[in-house]
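Only the coordinates and a few stated rules stand behind these numbers; no lab work does. It should be emphasised that the depicted structure is a prediction, and the values quoted were computed from it without experimental measurement. Heads up, the Cβs are rebuilt from the backbone with ideal geometry, glycines too, and the neighbour counts pull from every protein chain shown.
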Amino acid sequence: MELLENVKTRVYKFGNKKADGNRDMKNLLGGKGANLAEMSSIGVPVPPGFTITTEVCAEYNELGRDAVVELIKNEVEASIANIEKLMGTEYGNKENPLLVSVRSGARVSMPGMMDTVLNLGMNDEVVLGLVKKTNNEQFAWDSYRRFIQMYGGVVLGMKPESKEDIDPFEEIIESLKDKRGIKLDTEFSVQDLQDLVYDFKDLVRKRTGLLFPTDPWEQLWGAIMAVFNSWNGDRAIYYRTMNGYPADWGTAVNVQAMVYGNMGDNSGTGVCFTRDAGTGENVFNGEYLINAQGEDVVAGVRTPQQITKLGSQRWAELAQIEEEERKELYPSLEELMPSIFEELNGYQDILEKHYRDMQDMEFTMQDGKLWILQTRNGKRTGAAMVKIAMDLLKEGMIDEKEALLMLEPNKLDELLHPIFDPAALKRSNVIAQGLPASPGAATGKIVFFADEAAKYKSSILVRIETSPEDLEGMNIAKGILTARGGMTSHAAVVARGMGKCCVSGAGALKINYKKRTLTVGEYEYHEGDWISLNGSTGNIIEGKVATMEPELSGEFAQIMELADKYGVIKVRTNADSPKDAKIARGFGARGIGLTRTEHMFFEVDRIKAMREMILADTVKVRKQALEELLPMQRVDFEGIFEAMEGEAVTIRLLDPPLHEFVPHQLATQKELAEDLHVPLQAVKNKVAELEEFNPMLGHRGCRLGNTYPEITEMQTRAIIEAALNLKERGVICKPEIMVPLVGTVKEYEAQEEIIRNTASLIFEERKDSVEYLVGTMIEIPRATLMADLIAEKADFFSFGTNDLTQMTFGYSRDDVSKFLPIYIEKGILKEDPFEVLDQEGVGQLVKIGTQRGRSSKPNLKVGICGEHGGEPSSIEFCYNTGLDYVSCSPYRVPIARLVSAQAAIKTTL
Ligand code: PEP
Ligand code: MG
């Protein structure tokens, strides 16, 4: 074993049309390393180099620096020798020096999250050799000062001392610029650059107490280890956590011969895309700078120029620059260096065809020679993603299955909700981070109370947490922000249903209702202050950020049609109102998997009757109150059935604990007492009586219907009468009545009996009937184990994975945000199990429940209606487990349709 460990390859070489690795080795070589190898083998000019594998990163974390140097020393030395041979130079040689770059590269691209060092191998003697060799003093000294600056920051850890300070090296640069009265780095004289080198080294000595390392090999090892370290840097950890990338992936390290874009006016560097990453339009585009190194393009000190003439003209129009001035000051690469442009244009074509996807490339021109430094599948907006996939399909570059598989389902969301104007977003200030509970972009004035949401034209409801009482205010507000609550908190579930932007569980927020202030660190915001929320990233942004309405493209419809061609598992929606049902149908939902009837009770005119019902001391009074609710429920159900004409509609009986419906504030309690002509104390007593230690495990679900059968009777009547009314109007509806929170067979049987008896009674009264099903939620672990017995009675099962997760883990849905972020940070949990179905644990129960259910009723209809029904990996699991449908909030329907297709396609590959 030991021996085998030592013979495995840890370093992969590439260069001169050859490579040890290839594009399929992303896990081992990282995305950048795998693509450099691939490009090298297909003849694209990449500077020669080598990749140290991601496995070595893991070894480094385990064994430390010395052991890792020992493990890879021979391979690294041999690989440097290979570069030397190909470049005809020598690492550390004073006359003919080779300089190298060291870059990170994880299996997925993590832009800007890890570290890079350029120009390694430089010292006081090598710089003189470089001057002689290139006959370019300016360039050689500029490279040297850049090297010390980067190495100092990345390897020696010389960062700004506090957040108010700027980079210590930049401080020296800025003061020299001031002294010399110049603006740009390119204006430095050779003497200036030499002074900078001197001052930088002095700074290193003062700050670290060490002399700047002059030995090229010491520099190289320092940089390699720094890149490994950067995998565990704050930025990288944050990015990994946000995207759910596991800590054990590690990063590869790419070492390459340096090529220079800063060797004068015949050199330059740039970034380009084979298609437009914003819109998906099939136009080659990008930016470059003459006489510059890579970081200059990104840093934004100089204005980058456009690659193509067309792009340059479009840019000038936006910047309001006259054509003459544009040509003179900002010429495109196409105009300035036509032959290099042609070559680059050729490679972009080759690479896009080779990878059969839009490419994001980096290139450098060194003294008239073009080098490609990197290619990768380009990041893109949701709109661009859809257009590019459809265009590649139409161009015959990919087939239908490939087009569907290349789409990232969650990105479809961007197409459905208002979006921030990207330019405005760039200038914005993110003040805190919460959970991206419901996507979209919202901007508005802060209000702290739901009943004040209408105070401003655009408001953001900021709450410690929301309760169902806030529903109306949530509906009015443009977005919802809560300090507590996870992805299945009330705020999150309701917001997703409404398609409303919501950021939840932002622990850094301190909300003071009395003072009406929101404090984040040292910032304090007041009611009426502007704030913006990005529900897709969880960012909380200061001030007003401009938003735009999305437009659904023709390509979107085509992609969805294609998805339905391949999708097997059906997609229903969770909808509580006719409006939601219509929206979901517009997005292609094939039926409703869950109508939560309780949401209807919170509307102003209904909550009173509902409270009257709850406060009733006798069955008679309770029945009277239910009589009042009956017509209201019936009308709602008619609306929902109509919106879903021809498709199945599952309506769930009352589920939440009753204390959620009674007023908790004194003023509202008084109002209610007056309305009902009862003493205030009676209201107070009832509220106190309904208090529970664990409401989620308390008097809720079918326990309500079994203790107050008249509630079940009333709801059944509303459903069946609505269906009969529609039948009279010629509208086909397929009601499915669902019993919540069943744990024992008897609990189900007792409810079923009431439902069936009530329905029969109505059929007799009306001399007419409709077909309907009675089934149950499976959301208590015990129910999954008893599924064979329950299925003997029930027509269908619907997995309520919110409660099933809560009860399987024993985590309260409402309190999870207190420890979940820490669990995820520490790696105790990989992800939020309320968001992504825990296939290992909870998933077993879903499998057992399905298998046992179908063992006694083979054609048992089985679906899922927990929040996981809209989450891609969970949908795939449901398909593989043999469920008939998933049900998700309206705005997630297109995502679920796409995943349904992807899951089915994957099993055929
Ligand atoms: C569930 O528990 O998964 C479910 C859909 O019901 P609710 O979220 O309303 O408890
Ligand atoms: Mg539930």
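Listed values, structure above:
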{"quantity": "Packing-based order for 34-44, 249-259, using average beta carbon neighbours within 10 Å, highest first", "calculated": "249-259, 34-44"}
{"quantity": "Cα long-axis angle, helix 26-41 against the chain (0 to 90 degrees, to the nearest 10)", "calculated": "50 degrees"}
{"quantity": "Distance from region 1-67 to region 211-226 (C-alpha centre basis), Å", "calculated": "20 Å"}
{"quantity": "Equivalent ellipsoid semi-axes, region 697-851, via Cα gyration tensor eigenvalues times 5, rooted, Å", "calculated": "36, 16, 15"}
{"quantity": "Sequence-distant lysines (8 or more away, or on other chains) whose Cα lies within less than 29 Å of Lys727", "calculated": "Lys570, Lys579, Lys582, Lys623, Lys767, Lys793, Lys861"}
{"quantity": "Cα-based shape type of region 418-548, given that a ≥ b ≥ c are square roots of the gyration tensor eigenvalues and the cut on a/c is 1.5", "calculated": "rounded"}
{"quantity": "Geometric extent, Cα atoms of region 506-641 - Rg, Dmax (angstrom)", "calculated": "22.2, 60"}
{"quantity": "Between region 348-368 and region 730-747, the alpha-carbon center distance in angstrom", "calculated": "57 Å"}
{"quantity": "Charge context of Gly64, other residues only, Cβ under 15 angstrom, K/R +1, D/E -1", "calculated": "-2"}
{"quantity": "Gyration tensor (alpha-carbon) shape descriptor, region 611-659, a/c threshold 1.5", "calculated": "prolate"}
{"quantity": "Percentage relative contact order, the chain, counting C-alpha pairs under 8 Å, at least six apart", "calculated": "9 percent"}
{"quantity": "Crossing angle, helix 745-766 versus the chain [Cα axis fit, 0-90 degrees, rounded to tens]", "calculated": "60 degrees"}
{"quantity": "Percent antiparallel among DSSP beta bridges (both partners in the chain, rounded to 5)", "calculated": "65 percent"}
{"quantity": "Cα-based helix-to-principal-axis angle, 619-643 vs the chain, degrees rounded to 10", "calculated": "50 degrees"}
{"quantity": "Compactness relative to 2.2 N^0.38 Å, alpha carbon Rg of region 268-380", "calculated": "1.01"}
{"quantity": "Unit Cα scatterers, Debye sum, the chain: log10 I(q)/I(0) for q = 0.05 Å⁻¹", "calculated": "-0.36"}
{"quantity": "Calculated [θ] (222 nm, deg cm²/dmol) that DSSP helices of n ≥ 4 give over the chain, each run adding -39,500 (n - 2.57)", "calculated": "-14500 deg cm²/dmol"}
{"quantity": "Shape category assigned to region 124-214 from the gyration tensor of Cα positions, a/c cut at 1.5", "calculated": "oblate"}
{"quantity": "Loop-located GluC sites (Glu not before Pro) in region 602-658, at most 15 other Cβ atoms within 10 Å (DSSP)", "calculated": "Glu603, Glu645"}
{"quantity": "Stretchable slack from Ser467 to Ile237, in nm (0.36 nm times residue separation minus alpha-carbon distance)", "calculated": "79.5 nm"}
{"quantity": "Highest average packing first - 871-878, 279-286, Cβ atoms within 10 Å", "calculated": "871-878, 279-286"}
